[in-house]
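Working notes, structure below.
The values are calculated or read from the model by the stated rules, or taken from the named source; none is laboratory data. Just so it is clear, the structure is predicted and the values come from calculations on it, not from any experiment. Backbone-built Cβ (ideal geometry, glycine too); neighbour counts: all protein chains shown. Protein only, heavy atoms only, side chains kept; ligands, DNA and RNA dropped before computing areas. Shrake-Rupley method; radii C 1.70, N 1.55, O 1.52, S 1.80 Å.
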Amino acid sequence: MNAKDKHTIYTLLKTADAYECGFIREKFAGEPVFGDDTETNHTVVSTPSTGSGTATTVSTENLGLTIEELNAKILRCTRCGLARTRNNVVPGMGVMNPQVLVIGEGPGYDEDMQGLPFVGKAGVLLDRMLAAIGLDRKTNCYIANIVKCRPPENRNPLPDEQAACFSFLETQIHILKPKMILCMGKIASEKITGQSISINQRHGEFFEYNGIPVMPTYHPSALLRNEELKRPAWEDLKKFKKYLDQLNSN
Ligand code: URA
């Protein structure tokens, strides 16, 4: 709440109290100094009906922006320490109302240099994986990350960095309205589902984010490190596509 609203409520209560007891009490003689709350306001925009969903709250601070306005705001962000080491911010890329929102962890070297998501080796593999099920960032997908700036040495983004950035992704989801979400790897899967997730155990399962079906699967970088994961990842993608086709046929 901002200071002005607090002052209005205080004045109303003071007036009501004076009216009730017939005089202004001593405790209301002076006036407190009100400040703006620094916390982000949140509101529940929808609650999932069934399954492994989370009743997710979405930050209200960016609601009403277009995707271009939001991404311009992301480009100026200095909310966490990653702003000091980045070369470029990587808000994301793709189409509005995508069939699928693909969510990675955070930009790597190539992404940081180009300001675009998944454009390095892992990105080439990701594009091939998506193409295999009829998806691509130019026509029917949007690609974003949990954090929009590169963590130094490609370390995992820290919880406070993820938290500082998350309202941007929440708003991207709110504006873009994807039919389904594909989470690449543990970091994205945990942040979106709000659960602790072992990708080896939970890949290919369906979760929900504000009513949107979500599937965690292997991060393409993991597939580059371990070829044996390509088969289970492919099974995930086929299952994901089948669900998407079902959604589209309803
Ligand atoms: N890895 C990610 O998680 N995101 C990118 O954008 C690139 C690599």
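From the list Arg231, Arg202, pick out the single residue that is farther than 19 Å from Pro117 by Cα, of a type in the set (Lys, Arg), more than 22 Å from the chain's Cα centre (by Cα) and open to solvent by 10 Å² or more (accessible area, probe 1.4 Å). Selected residue: Arg231, the only one of Arg231, Arg202 that is farther than 19 Å from Pro117 by Cα, of a type in the set (Lys, Arg), more than 22 Å from the chain's Cα centre (by Cα) and open to solvent by 10 Å² or more (accessible area, probe 1.4 Å).
Give the residues of segment 98-127 that are of a type in the set (A, V, I, L, M), touching a residue at least 60 places away in the same chain (Cβ under 8 Å) and either surrounded by fewer than 22 Cβ atoms within 10 Å (Cβ to Cβ) or within 6 Å of the ligand (Cβ to nearest atom) (or both), sorted by residue number.
Ala122, Leu125
Being touching a residue at least 24 places away in the same chain (Cβ under 8 Å) and either small (Gly, Ala, Ser) or assigned to a loop (DSSP other than H, G, I, E, B) (or both) is the filter here; which residues of segment 195-210 pass it? Residues satisfying the conditions are Gln195, His203, Gly204, Glu205, Phe206, Asn210. Taken over segment 143-182, the criterion of being open to solvent by 30 Å² or more (accessible area, probe 1.4 Å) and touching a Lys or Arg at 6+ places or on another chain (Cβ under 6 Å) is satisfied by Arg150 alone.
Counting the residues of segment 169-188 that are under 10 Å from the mean Cα position of the chain (by Cα) and either farther than 17 Å from Phe118 by Cβ or not in a helix (DSSP H, G or I) (or both) gives 4.
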